[in-house]
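> Before anything else, here's the structure in question.
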Amino acid sequence: MLLYHDSFLEQEGKLVGMRNKVTWIVVIALCCLTTWELYCNLLVYVTSVDTDLQQKLTRKRAVPGQRELTNHNPYTVRGDPVQHIAFIKVHKSASTTVENIFLRYGYENDLVFALPRKNDRGGIKVLIQQNILPIPKGKHIDIFCTHVRYIKEDFKRLMPSDTVYIGIVREPFSQFESSVRFLRQKAVIDIPGNNPVHEYLAHNEKYMKYGGDRIPTTYNLMSYDFGFPIDLFWNTDYDAIQDYLIKINDEFDIVLVMEYLDESIVLMRRLLNWDMRHVLYGKLNAKKGVDPRLKFGPSEEKLYQNWAKLDYALYYFFLQKYKERIQNQPPDFFEELKYFKETRVKYDHFCSTLITGNSTKSKLAFEGSPWNKPFIITKEHCEKLYIHDVTFINMIKRRHMGH
């Protein structure tokens, strides 16, 4: 019994020793974990302090009254911007406004324009080498954006093979009204009486005036600019009209619609892969004073439809193409459109007040977005936004000849 008791005490002592050893191991492990956690927290704190300090040291000093440009929404445009463009400047269809976009972009980026030899705001009669200023040696035409009748073969001879072709259309009757009011079409306004427009449209055979290629000076002007075959102006062949519409649809990368100009410009920006600041615009060539004798009502519109069948076919064809294009846009298109409209209004308002001397600010800063980098607008930018197209082209001509 004594031997058994001694053996039992010996085993009990070993168990107690093992328990004490395990306890110390656990205590040491907990201490190590606690120490490590404290060290990590301290490291995070030091890092955050260093980061805050670094930001304070590297932050630019703010100039009083000037807001620092930020880029909260990262710029997501990728790839190279399009540099070769042919714009068919259609008469009285906001084409001067769009032309200004290309003139500003090309001037800023020192691109080469196809410039008329003559000082004629009408543009170029035919796009051939003899009608444009010589191209600087070692260079080629980058942008064409003045008036000319579209003939694909002429453009192919002078423009790079990767040129993007852009056109624009407008609701035909409103285009006719704008043409008569702004250009003061003598064929109409010289008719005596209280309603010369109705008289002109009702008795067309008496008052018709003709221009180049014996085409009426007031009807189907858009179709003439788009190069419709001359015989279609006198022979309403709907199959031939449809064939030509399909042809130019294949040849043009986009046709803008004036009634949806902002939407069209955003579509164009995406096609050209440009920063949004380059496509912001100001309204040019606004309506002149209203002549009370010139009436454009439903009866005049119905008469006009009989004479402008080509322009109506052209307009509704590309209006439908525009709608299809809009339907195929991703959701962020409408986010961009909203942002574009807001930015354009701010830009236009700032420039109009600055130019008229009603602004106390000399510059306006815009933050970055997914569609533009941060940028600043100054008086120099505003002057080019509203510059007369002939004045701008003459300025470009002077620089062109200086190369």
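Readers should treat all values here as calculations from the given coordinates under stated rules, not as data from a laboratory. Please read all numbers here as calculations on a predicted model, not as lab measurements. FYI the Cβ positions are ideal-geometry reconstructions off the backbone, even for glycines, and counts take in every protein chain you see.
> Normalising by the residue count of segment 120-169, find the relative contact order in percent from Cα pairs under 8 Å and 6+ residues apart. Don't skip to the end; give the middle numbers.
On the way: 29 pairs, mean separation 20.6, N = 50.
Taking the mean separation of contacting Cα pairs over the length of segment 120-169, I get 41 percent.
> Val164's amide H: which non-local residues (gap 5+, or another chain) put their own amide H closer than 5 Å, with H modeled 1.01 Å from N in plane and none for Pro or chain starts?
His84, Ile85, Ala86
> Return the subset of Lys341/Lys363; Lys152/Lys321; Lys118/Lys247; Lys118/Lys139; Lys92/Lys309; Lys92/Lys363 for which the Cα-Cα distance in this structure is over 27 Å, preserving the input order. Could the numbers behind the result be given before it?
On the way: Lys341/Lys363 20 Å; Lys152/Lys321 20 Å; Lys118/Lys247 31 Å; Lys118/Lys139 21 Å; Lys92/Lys309 18 Å; Lys92/Lys363 32 Å.
Distance filter (> 27 Å) returns Lys118/Lys247; Lys92/Lys363.
> For segment 116-182, what is the Kirkwood hydrodynamic radius in Å, using each pair of distinct C-alpha atoms? Walk me through the numbers on the way to the answer.
On the way: mean 1/r = 0.0714 Å⁻¹.
Result for segment 116-182 stands at 14.0 Å.
> Could you pull out every residue, at least 5 positions away or on a different chain, whose amide H is within less than 5 Å of the one on Leu111? Hs are placed 1.01 Å off N in the peptide plane, and Pro or chain starts have none.
none
> Explain nothing, just the number: relative contact order of segment 219-315, from Cα pairs under 8 Å at least 6 residues apart, as a whole percent.
Values: 34 pairs, mean separation 51.3, N = 97.
Relative contact order of segment 219-315: 53 percent.
> Starting at the first residue of segment 389-400, write each ³J(HN,Hα) from the Karplus equation 6.51 cos²θ - 1.76 cosθ + 1.60 with θ = phi - 60°, in whole Hz, x for Gly and Pro.
4, 5, 4, 5, 5, 5, 5, 5, 4, 4, 5, 4
> Binning every alpha carbon pair distance of segment 218-282 at 5 Å from zero, what are the percents per bin?
4, 14, 19, 19, 15, 13, 10, 5, 2, 0
> Could you order peptides 382-394, 252-264 by the average number of other Cβ atoms within 10 Å of their residues, highest first? Walk me through the numbers on the way to the answer.
Working: 382-394: 16.3, 252-264: 19.3.
Answer by packing, highest mean first, reads 252-264, 382-394.
> Which whole-Hz couplings ³J(HN,Hα) result when phi for each residue of segment 102-116 is put into the Karplus expression 6.51 cos²θ - 1.76 cosθ + 1.60, θ = phi - 60°, listed in order with x for Gly and Pro?
Values per residue, Gly and Pro as x: 6, 5, 5, 5, x, 5, 5, 9, 6, 8, 9, 9, 7, 10, x Hz.
> I need the phi-derived Karplus couplings for segment 85-99: 6.51 cos²θ - 1.76 cosθ + 1.60, θ = phi - 60°, integer Hz, Gly and Pro marked x.
Per-residue couplings from phi come out as 9, 10, 10, 8, 7, 7, 4, 6, 9, 6, 6, 5, 5, 5, 4 Hz.
> What percent does the relative contact order of segment 82-234 come to when contacts are Cα pairs within less than 8 Å and at least six residues apart?
Details: 198 pairs, mean separation 45.3, N = 153.
Value for segment 82-234: 30 percent.
> How do 204-214, 143-153, 351-361 rank on mean C-beta neighbours within 10 Å, highest first?
Working: 204-214: 11.3, 143-153: 20.1, 351-361: 13.4.
Descending packing order for the listed peptides: 143-153, 351-361, 204-214.
> Hey, could you grab the Kirkwood Rh for segment 165-224? Inverse mean 1/r over distinct alpha carbon pairs, Å, one decimal. All intermediate terms of the calculation are to be shown ahead of the outcome.
Values: mean 1/r = 0.0805 Å⁻¹.
In segment 165-224 this quantity evaluates to 12.4 Å.
> Hey, another quick one. Which of Asn358, Tyr316, Pro370 sits closest to the plus end of the dipole of segment 273-403, meaning its Cα is farthest towards the positive end, when Lys and Arg get +1 and Asp and Glu get -1 on the C-beta?
Asn358
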